[in-house]
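Reviewing the structure listed below.
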Amino acid sequence: MLYRKPVPFFTVVFAFVALLAGNAHADTAAPHLANVTILATGGTIAGSGSTSTTTIGYTAATVGVNSLIQAVPELNKVAHVTGEQVFQIASENMNNEYWLTLGKRVNELLARPDVDGIVITHGTDTLEETAYFLDLVVKSHKPVVLVGAMRPSTALSADGPINLYNAVLLAASHEAVGQGVLVAMNDQIHAARDVSKTNTSTPDTFKTTELGMLGYIQGNHPYFYHRAMRKHTADTEFDISKLQSLPQVDIVYGYANMGPAALNAFVAGGAKGIIHAGVGDGSLANKVKPALVAARKQGVLIVRASRVGQGIVARNGEANDDELDFVAADTLNPQKARILLMLALTRTSDSKEIQRIFYTY
Ligand code: DGL
């Protein structure tokens, strides 16, 4: 055995003190901050008005992602933030091509070990739709948080900066992992599937009226009280990686005295699927039902949804879906049923399989 000289006493003491100091330093070192990428797409959060009291009649999608980040230096206290301007649009102009671009970029980034979460700044008009589309195509448990604003960045009490801060804080949190795509607005956390914009202009517009929001962001911390119950993100069966387009699906709005003209125009225009946003529990007017049956016979997939906004559209309730070979939308509003049907049609045209999909997501 090698002979070993005894270590002088003071060497041991100094080493022990150095060890404590090192650890002490470690304890006081900045906490590990998550890496969050902000993908900017436009909207009011990037909007500007002519005066500080201009809260309507402003221009959306004018401020770039770097300016959004620089306007909130507090972001650096909750995450290491990088920004990308994916596109710059008012979100009423959102379309399937933008969705595929955004979804593919999100999946590319989340596959990287140095990206812990993503925030997407977005116009509020179609924010709920983009959120649900991503909920169905993101292949990761990492947090993806959508955020917007109801007042432009130039307005008194603009809500964009605090909404962006909360969204980054949420995307950087371990609590948000595995929760599906989230919407962070007005200090609240909503699930992509069930949230809707419910007011044309007020900052509290995003609500999950009956099924309930997931939690709050308060005092620089996210608090979850519920979880999304339907499949999402990493558990999805949908894959957009090789898709260049999505099947055309259109929405027919139900109302007293409606006729088949709109439906027939959509079918003639190449629709592969129709969302019938019926009155009540997805009711079919006698003047429209024959056109729906004819469309189905041509191979167009028909989903019975409701314009009402809350509640279940029950299969074989207001119509005999088994006999008509229609699909019931469950609780999805028409604009979200359209998204799910588009993605379902990339995998199957079988109506029974599509009904399973509507009961799964
Ligand atoms: N043009 C609307 C949009 O981009 C403005 C609404 C907003 O972003 O709050 O969605």
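The values are calculated or read from the model by the stated rules, or taken from the named source; none is laboratory data. Being a predicted model, the structure only gives us computed values, none of them experimental. These accessible areas exclude ligands, DNA and RNA; they are computed on the full protein's heavy atoms, side chains included. Shrake-Rupley method; radii C 1.70, N 1.55, O 1.52, S 1.80 Å.
Summary of values
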{"quantity": "Cα-based shape type of region 72-195, given that a ≥ b ≥ c are square roots of the gyration tensor eigenvalues and the cut on a/c is 1.5", "calculated": "rounded"}
{"quantity": "In Å², nearest 10: area of Asp125 left accessible to a 1.4 Å probe", "calculated": "80"}
{"quantity": "Three-way shape label, region 292-345, alpha-carbon gyration tensor, a/c 1.5", "calculated": "oblate"}
{"quantity": "Relative contact order [Cα under 8 Å, 6+ residues apart], the chain, whole percent", "calculated": "13"}
{"quantity": "DSSP beta bridge pairing in the chain, given as percent antiparallel to the nearest 5", "calculated": "35"}
{"quantity": "HN-Hα J in Hz across region 261-266 - Karplus 6.51, -1.76, 1.60, θ = phi - 60°, x for Gly and Pro", "calculated": "4, 5, 4, 4, 5, 5"}
{"quantity": "Region 116-164 versus region 194-222: alpha-carbon centroid distance in Å", "calculated": "12"}
{"quantity": "Accessible-area order (highest first, 1.4 angstrom probe) of the listed residues Val145, Val63", "calculated": "Val63, Val145"}
{"quantity": "In region 184-332, lysine pairs closer than 24 Å at Cα, eight or more apart or cross-chain", "calculated": "10"}
{"quantity": "Per-residue SASA entry for Thr59, accessible area with 1.4 Å probe, Å² rounded to 10", "calculated": "80"}
{"quantity": "Amide proton proximity set for Ser140, modelled H, under 5 Å, gap of 5+", "calculated": "Ala234"}
{"quantity": "Share, in percent, of DSSP beta bridges within region 54-209 that are antiparallel, nearest 5", "calculated": "50"}
